[in-house]
Amino acid sequence: MLLIYFVKLDKNIKTMYSISIYTNTLYLTMKNKRKTLFDKNLADIKNAISEKKVYKYRELTDVLNVLKKDSRVAQSMSSSAFMVKLQEQLHLKTYTVVSDKIKQERYSLFDITIYEFVNSLTPRTFFSMTTALNLIGASNFRSEFIFYSQEQKKKHYKPSKITQEAIDNAYKKDYRYTKSTADYESHHLVLLMPKFSGEVGVEKHNGFNISSVNRALAEILINIQYFKGFKEVIKEFKGIKDRININEVYKVIKAFDLIYPYFQLLGFALNQIGFHHSELDIFKKQVSEFDFYTEKNKSRYHYDEYWRIYY
């Protein structure tokens, strides 16, 4: 009787074990059936998203439409559901900047730099002024600011006549600043809209469009209100004098086609940076009949007769 008991027990154990295997197999089969197309194609979806580093919401919607076309996700998947899936399963990151004039949100599977973020905010922009110098490692001056520019569309202006009185009055007024600014992390973002020049002096650097040193010099002196003053700017450029090309600076100012006599301002600035009068004939020939200024509202000015500049 005892032997029969153990045989029966052994059969029961086998039976129970068989039932357990069947149950687990059925559970796994049902679980696999419950996997969505998104789950099954997760690796392919990650590869598709990884093709670009920074996305706008609309661009991710475009990716979703391609995935639908390729039957990688359900045809019924909405953009919002797609975003939730990306955030939950691929850890999609969101980068946001909000101010009165700049409201933007970007997405990435990667950690992105502030330059990569800003570069994605507005089409046809380039890093300008001191930010261009920061990017090429020429200077740390004003590195807490990120200046980026988008040139205006080409317009046909009627030639404007200026007078000495108009110049004097203009340089007694307060500076104007762009309202397209925002704070992002520890930086201040400043979007500028300079006059059309065909982006003269804009070049490529590590995947970014940036102002050359020559263009940056002109931009900074024209927008001196964003900096500590003329003397500080000259001090910074003295350290990178060997990177300045006089003819290229002249080309930039000519392309800017400005009303005020900036040729003589740039000539004076280059002279202060360390270039000799003999090297600056191209600027000297453009000195106007008017006196001009390095900056506004100084309590006391000195006068340089050679360049007709108050400084």
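The values are calculated or read from the model by the stated rules, or taken from the named source; none is laboratory data. On a predicted model such as this, the values are computed, not experimentally measured, just so you know. Cβ sites come from the backbone with ideal geometry, for glycine too, and all protein chains shown count toward neighbours. All accessible areas refer to the heavy atoms of the entire protein, side chains included, with ligands and DNA or RNA removed. Shrake-Rupley method; radii C 1.70, N 1.55, O 1.52, S 1.80 Å.
Yes or no: the stretch 196-203 includes at least one residue that is open to solvent by less than 50 Å² (accessible area, probe 1.4 Å), of a type in the set (A, V, I, L, M, F, W, C) and assigned to a loop (DSSP other than H, G, I, E, B).
yes
Go through the stretch 236-264 residue by residue and tally those that are under 22 Å from Gln152 (Cβ atoms), among the acidic types (Asp, Glu) and free of Cβ contacts under 8 Å to residues at least 40 places away in the same chain.
0
Report, by residue number, each residue of the stretch 259-291 that is surrounded by fewer than 18 Cβ atoms within 10 Å (Cβ to Cβ) and of a type in the set (Gly, Ala, Ser).
Residues satisfying the conditions are Gly274, Ser278, Ser288.
From the set of residues in the stretch 85-98 that are surrounded by 13 or more Cβ atoms within 10 Å (Cβ to Cβ) and out of contact with any Lys or Arg (no Cβ under 8 Å at 6 or more places or on another chain), which is farthest from Tyr55 (Cα to Cα)?
Initial filter on the stretch 85-98 (surrounded by 13 or more Cβ atoms within 10 Å (Cβ to Cβ)): 85-87, 89-90, 92-93, 95, 97.
Cutting the leftovers down to out of contact with any Lys or Arg (no Cβ under 8 Å at 6 or more places or on another chain) gives us 85-87, 89, 92-93.
Details: Lys85: 16, Leu86: 13, Gln87: 14, Gln89: 17, Leu92: 10, Lys93: 10 Å.
It comes out as Gln89.
Counting only residues that are modelled with pLDDT under 95 and within 34 Å of the chain's Cα centre (by Cα), how many does the stretch 260-311 have?
The number of residues fulfilling the criteria is 2.
Among the candidates Asp168, Asp174, which residue alone is acidic (Asp, Glu) and not in a loop (DSSP other than H, G, I, E, B)? Before you say what the answer is, go through the steps one by one.
On the way: Asp174 fails: not in a loop (DSSP other than H, G, I, E, B).
Sole residue among the options that is acidic (Asp, Glu) and not in a loop (DSSP other than H, G, I, E, B): Asp168.
Please return the ranges of helices (runs of 4 or more DSSP H) entirely within the stretch 206-258 where 1 or more residues are over 18 Å from Gly137 (Cα atoms), open to solvent by less than 70 Å² (accessible area, probe 1.4 Å) and in contact with an Asp or Glu (Cβ under 7 Å, 6 or more places away or on another chain). Working first, answer last.
Values: elements: 213-222, 230-238, 246-256.
Counting at least 1 such residues, we get 230-238, 246-256.
With the condition kept exactly as written, say whether any residue in the stretch 68-84 is touching a residue at least 60 places away in the same chain (Cβ under 8 Å), out of contact with any Leu (no Cβ under 8 Å at 6 or more places or on another chain) and not in a helix (DSSP H, G or I).
no
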